[in-house]
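*Asks:* Please read through the structure below; I'll follow up with questions.
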Amino acid sequence: MRLSCSLFKTSAIASFLAPLSLLWLSFGCYSVRLLKKTSPPPPQDFFSVVRFSDEHGVVVASASELSCTTLSPLRLQVKLHSGSQVYRPSFVIHADNKLHTEIDGLVLTPSPGLQPDYLQLRQTLCRAVTRRGHFFYGHADSELLRSLSAWLQVLSPPCLIKFRPVRGFHCELPVPAVRPERKTLERIKLRMVRAWQRQPYLLTRRLAIAVDLAQILSDGEAARLTRFCQVLRNSSVRELPLAFTSTRWQQSVCNTQDASLKHAALGLQLAVREITLFKHLFERASHRGNVAVRIAAPLSHRFWVLLTPTAATRATTVRHYQQVLATRDPHKSTPTCWHPFFSENMRLHHLAQAIGLHTGRCGTVLYPPLPATARNDLLGNYLVASITSETEFAISNGRTKFLRLPSGTYDYRISPLPNYYLPASRTAVAHGSMQWREQRHNHQVLR
């Protein structure tokens, strides 16, 4: 239309028209442009941004794309509280009604038969939308809150989803009793002292830290958490139970302004579960033996020995642990699910699931899944390090070292150690491999 008006104004006929006619034509072209700019708005079945709030005006969910008459993608984000942490899970329902969920960078898909009716959820959202000027708002009535609670419950079965006015959705984890957990740790400690001839350092250290927290919680002395948190900060990550390595758990427990004894008890329960399973694994998969060093050098010379488990050893330990889960763990068929303590990175999430710290029936599976080889390597490294007595030690030439190791093959490397204060030399005087068998006593000579 703009092109036709311009041609008409520049034609030869237009030059003979009266000024009034020119004025009328110019105004007509402008009116056409004006009508074009003020075209009718798009149909009201599609909303770009909708904020759903409760009766107190608190926004509990927001939709970035919402179509009510066509099966276009639906994008919804919900605010979820867990202790002092706030999570924002979001999901997308595609045209074929397939769900795609994302929370903390973890991409999840629903397990077949466990997802709620998302088509009904779309209809519930559309009924709640109203327009106020150029903005769209939705009232989160009881029906909508029930639909969103059902989706959040599917997302995290360990959580008990509750809606609180003004504060929104909350993930409440069941609080365990502390006294039975403390008794379990005391029994493991007593058996470790009386029956084990050689204790694995990492498992022993994790047991000591868990016992310290159990004593604090059972005595009800919240002030002692400050000292406990200092121990956490000054410890290596490998020395802590997996639940204690979560920075989010540490923030909820060690925040002096809002310290959560409930989350501390939840972390203790997960730690006791891990230590108990590893105690059974240690008694099943590790074996005693002696390692002697015989190097063509004076007997007064000292050496540094480094033992490295091979991939086959890690795989064997994983198989032993799977047998432990099958006989000792009532939740051996637990699939992967999201847990607020283990969602900060992919390694923590995968390792917690592989160990068996996720309990309950989960309605979501991780996507993309971790390949079986990478999963076994991740789990195998963690298991072998946890139940091994020593893989690095100083020894004099001709002496013997008493060890307790998981059965399998180990590569060894022997380096000179000048004295007690200088590090070992990078030059190896001997290297090779040794076989640690499943027998009552092993004896290996490293040359």
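Quick note: the coordinates plus some simple rules give every number you see, no bench work behind them. Note that the structure is a prediction, hence the values are computed from the model and not measured. As a convention, Cβ positions derive from the backbone with ideal geometry for all residues, glycine included, and neighbour counts pool all protein chains shown.
*Asks:* Give me Y410, Y201 ranked fewest to most by other Cβ atoms within 10 Å of their Cβ, as a rough exposure proxy.
*Replies:* Y201, Y410
*Asks:* Net charge within 13 Å of V60 by Cβ-Cβ distance, Lys/Arg positive one each and Asp/Glu negative one each, not counting V60 itself?
*Replies:* With Lys, Arg at +1 and Asp, Glu at -1, the net is +4.
*Asks:* Once you have the Kirkwood Rh of the stretch 178-285 from its Cα pairs, apply Stokes-Einstein at 10 °C and 1.306 mPa s and quote D in µm²/s.
*Replies:* Once the numbers are plugged in, D ends up at 113 µm²/s.
*Asks:* Another one. Quick one: which of K79/K162; K79/K262; K189/K401 span more than 19 angstrom between C-alpha atoms?
*Replies:* Too far apart for the 19 Å limit: K79/K262; K189/K401.
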